[in-house]
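Colleague: One structure, as structure tokens, below. Some questions next.
The values are calculated or read from the model by the stated rules, or taken from the named source; none is laboratory data. Computed from a predicted structure; not experimentally measured. Positions of Cβ are backbone-derived with ideal geometry, glycine not excepted, and every protein chain shown enters the neighbour counts. Note: areas computed on protein heavy atoms with side chains; ligands, DNA, RNA excluded. Shrake-Rupley method; radii C 1.70, N 1.55, O 1.52, S 1.80 Å.
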Amino acid sequence: MSTTQAQTKQGELPEDTGAFAWLKALGPRGRRAFGGAFGGYALDSYDYFTLPLSMVAIAAYFSLDNGQTGLLTTVTLVVSAVGGAGAGILADRIGRVKALMITVITYAVFTVLCGFAPNYETLLVFRALQGLGFGGEWAVGAILVAEYASAKHRGRTLGAVQSAWAAGWALAVIVYTLVFQFLDADTAWRVMFWTGALPALLVIYIRRNVSDAPEAAARRTASTERGSFSSIFKKDLLRTTFFATLLSTGVQGGYYTLATWVPTYLKTERGLTVVGTGGYLTFLISGAFIGYLTGGYLSDRIGRKKNIVLFAVLSAIGILAYTNIPSGANGLLLVLGFPLGFCMSAIFSGFGSFLSELYPTAVRGTGQGFTYNCGRGVGAFLPTLVGFLSDSWGVGGALVLGAVGYGLAVIALLGLPETRGKELL
């Protein structure tokens with residue numbers, strides 16, 4: 001078929017169906033917003049992983065048991081529920097870009113302060129406060145990009161934003177490997193936290209180059225509704241809020257259980273060195289990055305709900321396989337890291353678009369910020385439970401609890417509508 005034949009109207013160019021059509025469709029402003037959200041989420045991930053990667057060294061330094069080390073992760077995620085919900089309200093009241101800058105500055109400042117903690121209690125407080133910014137960044141950045149994206153490409157566009165998590169995770173592993181190679185463990189874990197100052201550079205870029213989507217901003221300011229917790233618990237949105245929170249709880253409970261305890265599992269039960277652990281995590285992270293992109297594509301092709309069900313089932317199977325490999329079969333452990341990272345990340349790809357499409361513009365920040373982060377906060381208790389149970393079950397055995405979270409996510413989808421192709425109003 002010729003180019004002329006492919007045109008549906010006189011003077012209209014054929015539709016761009018290339019691999020990066022979603023990026024071109026954003027336009028110049030949208031691409032700058034994408035850059036800001038991608039960078040913010042990558043550094044959000046980097047700052048988060050400074051803790052689980054350094055957990056063994058921190059536990060030794062402060063003489064902590066597994067329950068106490070697990071609590072460091074749990075308090076971060078629980079407080080992130082407060083930060084995420086608050087950032088969502090802020091995004092609905094002062095705009096997406098301003099709220100994004102506030103969240104990035106918050107998580108950067110308190111990550112750095114963690115490196116100066118003189119004792120366990122202070123570290124616990126600083127890590128909790130880091131959660132305020134950590135919780136808000138993704139929700140605000142996802143909404144910012146979702147409001148620029150077309151309905152046709154929204155799934156893969158937000159999936160690409162989600163892939164920033166794998167990029168930040170990879171950067172954290174690289175820095176961790178280098179820092180722990182050249183410094184003693186008692187100093188290295190502090191240096192890891194100090195490198196969390198990197199996001200300050202991103203704030204400068206966002207302030208100079210990124211703005212809210214004009215049409216969405218106009219609808220938000222014209223609406224008499226303003227972001228508040230009560231707005232998402234009104235009769236017309238109560239069902240959506242309940243089941244979206246349940247969905248987030250299941251998926252994130254499973255994910256953070258693995259993200260928090262896999263590094264410790266590889267060290268304590270598999271006896272891998274620092275470099276060895278980094279090598280194993282390379283397969284996990286590579287799978288995660290490709291999973292985010294693939295899940296975003298499938299979310300647009302087969303729908304938000306089918307994409308989540310598919311990868312919830314595959315993630316649960318992956319956990320069981322990963323933690324039941326016979327002792328000594330580390331080669332198989334390495335190979336399975338890729339599909340595990342792929343599946344547990346692909347399930348997240350549709351979240352940004354799905355949650356954005358469930359709420360109207362005036363309360364989109366509040367709805368997405370609350371459901372995603374409340375789910376994160378409740379799901380955060382799974383890593384702590386793993387920590388306590390690991391003393392009797394072993395870390396590998398306790399990790400199976402992550403599969404329970406994915407089962408909960410599938411049940412939650414029964415109460416939510418399919419939103420693929422929905423225009424944002």
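Colleague: Would you point out which residue out of Leu113, Leu100 is more than 18 Å from the chain's Cα centre (by Cα), of a type outside the set (Ser, Thr, Tyr) and in a helix (DSSP H, G or I)?
Modeller: Unique residue meeting the criteria: Leu113.
Colleague: With the structure loaded, tell me whether Ala172 is closer than 17 Å to Ile58 by Cα, open to solvent by 30 Å² or more (accessible area, probe 1.4 Å) and hydrophobic (A, V, I, L, M, F, W, C) or whether it fails that test.
Modeller: Numbers: closer than 17 Å to Ile58 by Cα: yes; open to solvent by 30 Å² or more (accessible area, probe 1.4 Å): no; hydrophobic (A, V, I, L, M, F, W, C): yes.
Against the criterion (closer than 17 Å to Ile58 by Cα, open to solvent by 30 Å² or more (accessible area, probe 1.4 Å) and hydrophobic (A, V, I, L, M, F, W, C)), Ala172 does not qualify.
Colleague: Which residues, taken from region 289-311, are open to solvent by less than 40 Å² (accessible area, probe 1.4 Å) and not β-branched (Val, Ile, Thr)? It would help to see each step written out before you state the result.
Modeller: Just the residues of region 289-311 that are open to solvent by less than 40 Å² (accessible area, probe 1.4 Å), to begin with: 291-292, 295-296, 299-300, 303-304, 307-308, 311.
Once the filter is applied, which keeps residues that are open to solvent by less than 40 Å² (accessible area, probe 1.4 Å) and not β-branched (Val, Ile, Thr), region 289-311 yields Gly291, Tyr292, Gly295, Gly296, Ser299, Asp300, Gly303, Arg304, Asn307, Phe311.
Colleague: When Leu64 is evaluated against the numbered criteria (1) of a type in the set (A, V, I, L, M); (2) in a loop (DSSP other than H, G, I, E, B); (3) without any contact (Cβ under 8 Å) to a residue 24 or more places away in the chain, which criterion, by number, is the only one it fails?
Modeller: Every listed condition holds for Leu64 apart from (3).
Colleague: Still on this structure, please answer the following. Within region 254-265, can one find any residue that is out of contact with any Pro (no Cβ under 6 Å at 6 or more places or on another chain), part of a helix (DSSP H, G or I) and modelled with pLDDT of 75 or more? Steps first, answer last, please.
Modeller: So in region 254-265, the residues out of contact with any Pro (no Cβ under 6 Å at 6 or more places or on another chain) come out as 254-255, 258-259, 261-262, 264-265.
Checking which are part of a helix (DSSP H, G or I) leaves us with 254-255, 258-259, 261-262, 264-265.
Adding the requirement that they be modelled with pLDDT of 75 or more leaves 254-255.
There is at least one residue in region 254-265 that is out of contact with any Pro (no Cβ under 6 Å at 6 or more places or on another chain), part of a helix (DSSP H, G or I) and modelled with pLDDT of 75 or more.
Colleague: Yes or no: region 13-34 includes at least one residue that is surrounded by fewer than 18 Cβ atoms within 10 Å (Cβ to Cβ), out of contact with any Phe, Trp or Tyr (no Cβ under 8 Å at 6 or more places or on another chain) and modelled with pLDDT under 55.
Modeller: Yes: region 13-34 contains one or more residues that are surrounded by fewer than 18 Cβ atoms within 10 Å (Cβ to Cβ), out of contact with any Phe, Trp or Tyr (no Cβ under 8 Å at 6 or more places or on another chain) and modelled with pLDDT under 55.
Colleague: Considering every residue within region 64-79, establish whether at least one is in contact with a Gly (Cβ under 6 Å, 6 or more places away or on another chain), open to solvent by 10 Å² or more (accessible area, probe 1.4 Å) and at pLDDT 85 or above.
Modeller: yes
Colleague: Okay, next question. Is region 99-110 home to any residue that is of a type outside the set (A, V, I, L, M), surrounded by fewer than 24 Cβ atoms within 10 Å (Cβ to Cβ) and under 30 Å from Ala185 (Cβ atoms)? Lay out the reasoning, then the answer.
Modeller: So in region 99-110, the residues of a type outside the set (A, V, I, L, M) come out as 103, 106-107, 110.
Now restrict to residues that are surrounded by fewer than 24 Cβ atoms within 10 Å (Cβ to Cβ): 106, 110.
Narrowing the set further to residues that are under 30 Å from Ala185 (Cβ atoms) leaves 106, 110.
Yes, region 99-110 contains a residue that is of a type outside the set (A, V, I, L, M), surrounded by fewer than 24 Cβ atoms within 10 Å (Cβ to Cβ) and under 30 Å from Ala185 (Cβ atoms).
Colleague: On to the next question. Are there helices (runs of 4 or more DSSP H) fully within region 176-226 with at least 1 residues that are more than 20 Å from Asp44 (Cβ to Cβ) and open to solvent by less than 20 Å² (accessible area, probe 1.4 Å)? List them. First the steps, then the outcome.
Modeller: Numbers: elements: 185-194, 199-209, 214-222.
Ranges flagged: 185-194, 214-222.
Colleague: Counting just the residues of region 379-425 that are open to solvent by 80 Å² or more (accessible area, probe 1.4 Å) and among the β-branched types (Val, Ile, Thr), which one comes out nearest to Gly254 (Cα to Cα)? Steps first, please.
Modeller: Pass one, region 379-425, residues open to solvent by 80 Å² or more (accessible area, probe 1.4 Å): 381, 388, 391-393, 404, 411, 414, 418, 420, 422-423, 425.
With the extra rule that they be among the β-branched types (Val, Ile, Thr), the set shrinks to 404, 411.
On the way: Val404: 7, Ile411: 14 Å.
Checking each candidate, the answer is Val404.
Colleague: While we're on this one: In region 130-141, is there at least one residue being surrounded by 24 or more Cβ atoms within 10 Å (Cβ to Cβ), at negative phi, among the β-branched types (Val, Ile, Thr) and assigned to a helix (DSSP H, G or I)? Before you say what the answer is, go through the steps one by one.
Modeller: Taking region 130-141 as the starting set, the residues that turn out to be surrounded by 24 or more Cβ atoms within 10 Å (Cβ to Cβ) are 130-131, 133-141.
From the residues that got through so far, the ones that are at negative phi too are 130-131, 133-141.
Next cut, among the β-branched types (Val, Ile, Thr) only: 140.
With the extra rule that they be assigned to a helix (DSSP H, G or I), the set shrinks to 140.
Yes, because at least one residue in region 130-141 is surrounded by 24 or more Cβ atoms within 10 Å (Cβ to Cβ), at negative phi, among the β-branched types (Val, Ile, Thr) and assigned to a helix (DSSP H, G or I).
Colleague: Is it the case that some residue within region 270-284 is at negative phi, crowded, with 24+ Cβ neighbours inside 10 Å and modelled with pLDDT of 75 or more? Let's see the steps before the verdict.
Modeller: At the first step, the residues of region 270-284 found to be at negative phi are 270, 272-284.
Keeping just the survivors that are crowded, with 24+ Cβ neighbours inside 10 Å gives 281, 284.
After this cut, where a residue has to be modelled with pLDDT of 75 or more as well, the list is 284.
Among the residues of region 270-284, at least one is at negative phi, crowded, with 24+ Cβ neighbours inside 10 Å and modelled with pLDDT of 75 or more, which makes the answer yes.
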